[in-house]
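Have a look at the structure below, then the notes.
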Amino acid sequence: MKKTHEHSIAVLGGDQRQIFMAKALSKMGKTLNIWGLKAPESATVMHCADWKEAVKRSSCILLPLPATIDGVRINAPLAPDPESIRIDSLMREAENKVLLGGKLSEGFLQAAENNGVNCYDYFLCESLQLKNALLTAEAAIELAMRELPVTLDGAPIAIVGYGRIGELLAQKLIALGAVVTVYARREEVLVRASLAHCKTEKLLSNDNETPLQSIDPSTRIVFNTVPKVLFSKAVLASFPKSCIFIDLASFPGGIDQHAAKELGIKSIWATALPGKYAPETAGYILAQTVNSYIEKIEAT
């Protein structure tokens with residue numbers, strides 16, 4: 001992709017993060033054709049009334065994180081018509097162009113290949129995922145502090161899963177004086193958590209998740225980071241009503257939200273926290289990642 005005025009970027013859809021991402025990319029010298037966002041217009045940022053116009057004027061198409069929620073339409077919650085861009089229609093318009101998006105499914109990538117679209121998933125960038133995990137951990141703690149009637153200092157807290165988010169969350173909670181117990185399957189993960197001054201419990205590798213039913217009844221918050229429904233109605237029934245659940249996992253989540261409601265247990269499925277908690281920081285992180293991808297593409 002040559003660096004000329006003819007080669008600009010179509011920014012389609014997204015939430016507040018994409019607005020700040022667009023601002024940052026503009027400051028980096030990128031020319032943007034925007035649809036579905038209310039980003040400030042400038043010499044390098046033009047708003048398009050129609051998404052097809054934005055695509056037509058651009059050689060690179062930039063989709064949000066995640067690019068789609070339902071696998072059918074592009075994620076565009078701030079657009080006048082949030083359901084107006086179907087993936088199949090976009091692929092026809094994007095033929096022979098470069099497309100960047102976050103959390104692209106196998107079906108999405110296959111559709112791109114079938115239509116001759118050069119497709120890249122920027123969420124595969126490890127540094128982006130680590131920075132995103134940090135924002136998620138901070139936002140989860142802020143949410144917990146609003147919901148709890150007690151301080152985090154001294155509070156018994158359970159974290160299910162010890163990946164990027166779980167590990168950062170545990171570190172920050174311990175720094176605030178919380179008593180953290182990590183539930184995970186792999187022995188090496190439990191050792192790492194133990195070395196980070198967490199209590200640990202092993203989850204079983206099959207569908208029998210009985211250790212979850214033996215979580216200390218004094219636990220005030222359960223953070224789940226595993227995208228598998230481990231907290232069924234039977235498991236949730238063993239918890240006191242004073243325990244609050246915060247599910248940080250992507251679809252399908254890890255907590256049966258319907259069962260929690262039936263049992264009178266407070267459960268919050270806290271998705272897309274970076275965009276809600278710190279959209280400016282999240283947008284700048286996305287811009288850095290996207291710019292790195294574009295520069296690599298331009299160099300080829």
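What relative contact order, as a whole-number percentage, does the chain give when Cα pairs under 8 Å and 6 or more residues apart are counted? All intermediate terms of the calculation are to be shown ahead of the outcome.
Values: 582 pairs, mean separation 48.4, N = 300.
Answer for the chain is 16 percent.
Please check: in the Gaussian network model of the chain (C-alpha springs, under 10 Å), which one of H197, H258, H47 has the largest mean-square fluctuation.
H258
When the chain is modelled as a GNM with alpha-carbon springs shorter than 10 Å, which of I255, I265, I285 fluctuates the most?
Top of the fluctuation ranking is I265.
Which order, highest average first, do 160-173, 236-249 follow once you tally other Cβ atoms within 10 Å for each residue and take the mean per peptide? Before the final figure, lay out each step's value.
Values: 160-173: 21.9, 236-249: 18.8.
Result, highest mean Cβ count within 10 Å first: 160-173, 236-249.
What's the magnitude of the charge dipole for segment 185-300 around its Cα centre, counting Lys and Arg as +1 and Asp and Glu as -1 at the beta-carbon? Answer in Debye, nearest 20. Numbers along the way, then the final one.
On the way: 13 positive and 12 negative charges, 68 e Å.
The dipole of segment 185-300 has a size of about 320 debye.
To the nearest 20 debye, what is the magnitude of the charge dipole of the chain about its Cα centre, counting +1 on the Cβ of each Lys and Arg and -1 on the Cβ of each Asp and Glu?
Details: 32 positive and 32 negative charges, 83 e Å.
The dipole magnitude comes to about 400 debye.
Only bridges whose two residues both fall in the chain count here: according to DSSP, what percent of them are antiparallel, nearest 5? Before the final figure, lay out each step's value.
Numbers: 3 of 41 bridges.
Antiparallel bridges: around 5 percent, rounded to the nearest 5.
Before rounding to the nearest 500, sum -39500 (n - 2.57) across all DSSP H runs of length at least 4 in the chain and divide by the residue total; then give [θ] at 222 nm in deg cm²/dmol.
Value at 222 nm, helices only: -11500 deg cm²/dmol.
Laboratory data are not the source of any read-out in this text; all were calculated from the coordinates shown. This one's a predicted model, so the numbers in the text were calculated from it and none came from an experiment. Cβ sites come from the backbone with ideal geometry, for glycine too, and all protein chains shown count toward neighbours.
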